[in-house]
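Student: Structure incoming, see below.
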Amino acid sequence: MPEPHSPAGTGAGSHTGTRISARAALEAVTDPGTFAEVPVSEGEFKPDGPLDWDGYGASRARAEERTGERESVVCGTAEVDGTRTVLMSFEFGYLGGSLGQRTGDRIEAAHTHARTHGLPVVSLIATGGSRMQEGMRALGQLQRVARQSALTGAAGLPQIAVLRDPTTGGGWATLGAGADMTVALAGSQVGFAGSRVRPADADPAAYTAEAQLAAGAVDAVVRPDELRRDLALRLKALTSPAAGPAAPPAALGRTDPPDTGWDAVLRARAPERPRAQAYLDAYFTDRAVLRGDRCGGVDDGMLCGFGLRDGRAIGYAAQCGTATTPAGYRTAARLVRLAGRLGIPVLTLVDTPGAANGAAAERAGAGAAIADLFAAVASSPVPVTTLVIGEGGSGGALALAAPDNTWATPDGYFSVIAPELAAAILKRPPSAVHATADQLRIRPQDLLELGVIQGIVTRSQ
């Protein structure tokens, strides 16, 4: 049986960063004096557990004496910068923060309390995995935890995971990776496999918070001194939906309409034209980033998250002028679906020459990813507002556009295909590209006349 600060779970790992107790973690993020534990009914439990594991009861007693806790997780309610929240904080000093039957009892009680009172859930995770001394009864708690998380999500309540050091095994594969938004503390060990069960030649750098961020598995990596503010912002953004559709942002570039189709193309491609980052900065007072497709991919040309405008939250998915990859489409679909479940309206900014069309994109499932985003936008239960701020290249742009609430700036255009490609397909010479652009009727004023967009925005919006 592992002893002090030694993991007891199947995914246990080595000490890679500063570890604090469950209650110290709670104190670091909650408003002073607001934490109160959630009552829990624990079932009958034999001294040495369901397997009669010799010495298990004594190990639990030593863990309790050492930490002052009766189990590996502390659950309760508190305010985080004024937002009432249910929190679950793992005590790694108690048998490596491992999940056993009574851990499951507490997590279920916390989720039930959250659903009863309509509160968001935050998990402050530090665990080595499932508790071997309880065998399959312990591993089965993962199904229990997953069900509680699913029920809480279906109730329209947000869940945020904070990955402390370490977060491995089933705790990562349920509470961590299964949360709506996931934040990791810098330097923490994060991965399904802990250091003691990995292949001998495995690269330890792959099992870190930073590696998971690069792989699109977490939304942000923060320092401990940044966590309180980051968590408060995410809770505010996920629990304060704006009423009604998002208003289209005001144009930040030119306000005069383009004279010709080719003029529209040149203006949209101009390097000095304001891009998505400028629009988001002007539109929102603060933003909580959602990053990655949870399938191993990140597209830095697709910015997603939830922003605060006049104190209320709006989801956003914004293209940055680059060809959008499958990971970008999947991340946007993730954002749209989460916003829909939480009742938060969505703003999308279209600016792409089109979908990435190289071999790597095809192997990564470009068609399926685009189809999934089309479906997410089409079926969204919340209003989606779209503004074309630059290039609107074919289906790669249309997938992000609201069917009945798309607007354009004078710097934007929308086309079934780029004029150069249209001319090539029609076997026209390069000299015919400008005329083809006019024939495609891609200028904002053409799109308005055709009924493709609802209006052209200016700075006076």
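Student: Can you list the strands (runs of 3 or more DSSP E) found entirely within the range 354-425 that contain at least 2 residues being under 17 Å from Pro245 (Cα atoms) and of a type in the set (Ser, Thr, Tyr)?
Tutor: 384-393
Student: Glu44: in a loop (DSSP other than H, G, I, E, B), at pLDDT 95 or above and not small (Gly, Ala, Ser), yes or no?
Tutor: no
Student: Sticking with this structure for a sec: In the range 172-207, which residue that is more than 19 Å from Arg337 (Cα to Cα) and acidic (Asp, Glu) is farthest from the chain's Cα centre (by Cα)?
Tutor: Checking each candidate, the answer is Asp201.
Student: Right, another one. State all residues of the range 244-269 that are exposed (fewer than 13 other Cβ atoms within 10 Å of the Cβ) and in contact (Cβ under 8 Å) with a residue 60 or more places away in the chain; if no residue qualifies, say none.
Tutor: Listed by number, the residues that qualify are Gly244, Asp256.
Student: Quick check: is even one residue across the range 388-399 among the hydrophobic types (A, V, I, L, M, F, W, C), within 29 Å of Gly178 (Cβ to Cβ) and in the same structural domain as Arg287 (by TED's automatic domain parsing)?
Tutor: Looking for residues that are among the hydrophobic types (A, V, I, L, M, F, W, C), within 29 Å of Gly178 (Cβ to Cβ) and in the same structural domain as Arg287 (by TED's automatic domain parsing), one finds at least one in the range 388-399, hence yes.
Student: Find all pairs meeting these conditions: Cβ atoms under 8 angstrom apart; at least six residues apart or on different chains; first residue within the range 40-61 and at positive phi; second residue part of a loop (DSSP other than H, G, I, E, B) and among the aliphatic types (A, V, I, L, M).
Tutor: What qualifies is Gly55/Met1.
Student: Of the residues Thr112, Thr152, which is touching a helix residue (DSSP H, G or I) at 6+ places or on another chain (Cβ under 7 Å) and surrounded by fewer than 23 Cβ atoms within 10 Å (Cβ to Cβ)?
Tutor: Working: Thr112 fails: touching a helix residue (DSSP H, G or I) at 6+ places or on another chain (Cβ under 7 Å).
Exactly one residue qualifies, and that residue is Thr152.
Student: For the range 304-321, check the following and say yes or no: at least one residue is more than 20 Å from Pro248 (Cα to Cα) and either outside the structural domain of Asn357 (by TED's automatic domain parsing) or not hydroxyl-bearing (Ser, Thr, Tyr) (or both).
Tutor: Within the range 304-321 (the criterion being more than 20 Å from Pro248 (Cα to Cα) and either outside the structural domain of Asn357 (by TED's automatic domain parsing) or not hydroxyl-bearing (Ser, Thr, Tyr) (or both)), the answer is no, since none of the residues qualifies.
Student: For residues that are closer than 29 Å to Gly311 by Cβ and of a type in the set (S, T, N, Q), tally how many sit in the range 52-98.
Tutor: 4
The values are calculated or read from the model by the stated rules, or taken from the named source; none is laboratory data. None of these values were measured; they are calculated from a predicted model. Note: ideal-geometry Cβ built from the backbone for every residue, glycine included; neighbour counts use all protein chains shown.
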